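The values are calculated or read from the model by the stated rules, or taken from the named source; none is laboratory data. Just so it is clear, the structure is predicted and the values come from calculations on it, not from any experiment. Here the Cβ positions follow ideal geometry from the backbone for every residue, glycine too, while neighbour counts run over all protein chains shown. The area values use the complete protein model at the heavy-atom level, side chains included, leaving out ligands, DNA and RNA. Shrake-Rupley method; radii C 1.70, N 1.55, O 1.52, S 1.80 Å.
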Amino acid sequence: MVSRTIFCLSAFLVLSVLATSASSSEELSPYYYYHVCPQALPAIKRVVEAAVCKERRMGASLLRLHFHDCFVNGCDASVLLDSSPTIDSEKFAIPNNNSLRGFEVVDQIKLEVDKVCGRPVVSCADILAVAARDSVVALGGPTWPVLLGRKDSTTASRDQANKDLPPPFLDLPALISNFKRQGLNERDLVALSGGHTIGPAQCFTFRDRIYNKTNIDPKFADQLKSSCPLKGGDSNLAPLDPTPVQFDVAYFDSLVKKRGLLPSDQALFNGGSTDGLVKAYSSNAKAFGADFARSMVKMGNIKILTGEQGQVRLNCRKPN
């Protein structure tokens, strides 16, 4: 595995795309809180590191929260809003219900940040973006300068979440189309899918693959059947790659060996246009780390709210 020092070189490479990213969102800056609350980012890091130390899986959960936020009407913390008479919470969308987790950690981060800042100046959307980065770093992955200054939405959309979040059953053309709608290309698709190097998935998401598909290593399929029966056990977990609490390239190595857990994972290495990238990442952790960092910056700029467009929520679970 490439050392943390080499992985951190990706932060330097990301700087080359900050100018491009900022051109579409000029109000975002990695130094947004430098003067108003320089203690904000260290506070987020402390809470994330403690949460990941307590439960290593939490790193994957916090990364996934940011992804599921950005893909639904942009990176505006809408995924954190609870149901109310005026809000149809995204938490109950099919891809999120009984699946997304880490909300209590976000609540803890918000309390701590508001405490050290003396007032609510850090948005929940920015908390999600920074917590995702700090989670990846805590599990041995790359770092990157997070562009900051997002505002929080006052609405959420369960219907939009059902439409925009890519289900685990998509083939490659559908995945490419899904990411393209968010302004993300094939390299972004493969790099961001590499986030599946950490965390588990539930049995119902891969049952059809292990029982009915042919593009899977038979021994791998047999191993999974013991914890994922044909009927029942829908919420039983299996790791997305052999090292689910270490951010590395084992995910891509698994795809090359036809050991991708989800159908949408193996679709990235199945005779299509993304095979080359998967193969390259499987043997080059430095390249994967740099591309993942760049794509995370790019994803973090999807349809952001700035200035008077949104608000800084006092409570991440409800509008002010």
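The long axis of helix 58-70 is offset from the longest Cα principal axis of the chain by roughly 70 degrees. Total lysine pairs in segment 128-236 at Cα distances under 21 Å, for residues eight or more apart or on different chains: 4.
Under a Cβ-only charge scheme (Lys and Arg +1, Asp and Glu -1), can you give me the dipole magnitude of segment 262-320 about the Cα centre, in debye to the nearest 20?
Using only the charged Cβ atoms, the result is roughly 300 debye.
Taking packing as the residue-averaged number of other Cβ atoms within 10 angstrom, the listed peptides 276-282, 191-197 run from highest to lowest as 191-197, 276-282. Using the Karplus relation 6.51 cos²θ - 1.76 cosθ + 1.60 with θ = phi - 60°, the per-residue 3J(HN,Hα) values for segment 123-132 come to 6, 5, 5, 5, 4, 4, 5, 6, 5, 4 Hz, with x marking Gly and Pro. The string of couplings for segment 158-163 from the Karplus curve (6.51, -1.76, 1.60, θ = phi - 60°) is 5, 4, 5, 4, 5, 7 Hz, one whole number per residue in order, with x for Gly and Pro.
What number comes out for accessible area per residue over the chain if the probe is 1.4 Å? Units Å², please.
Values: 13940 Å² over 320 residues.
Dividing the accessible area of the chain by its residue count gives 44 Å².
Angle of helix 103-117 to the longest C-alpha principal axis of the chain, folded into 0 to 90 degrees and rounded to 10: 30°. Dipole magnitude for segment 51-121: computed about the Cα centre from +1 point charges on Lys and Arg Cβ and -1 point charges on Asp and Glu Cβ, it is near 320 debye. Give me the percent of DSSP beta bridges within the chain that run antiparallel, rounded to the nearest 5. Roughly 90 percent of the DSSP beta bridges within the chain come out antiparallel. Candidates F292, L305, G271 compared by Cα position along the dipole of segment 265-320: farthest toward the positive end lies L305, with charges placed on Cβ. Of the solvent-accessible surface of the chain, computed with a 1.4 Å probe and all protein chains present, 55% belongs to carbon and sulfur. Residues whose amide H falls under 5 Å from that of A201, counting only those 5 or more places apart or on a different chain, are A238, L240, with hydrogens built in the peptide plane. Can you give me the C-alpha center-to-center distance between segment 110-165 and segment 47-68, rounded to a whole angstrom? Result: 12 Å between the Cα centres.
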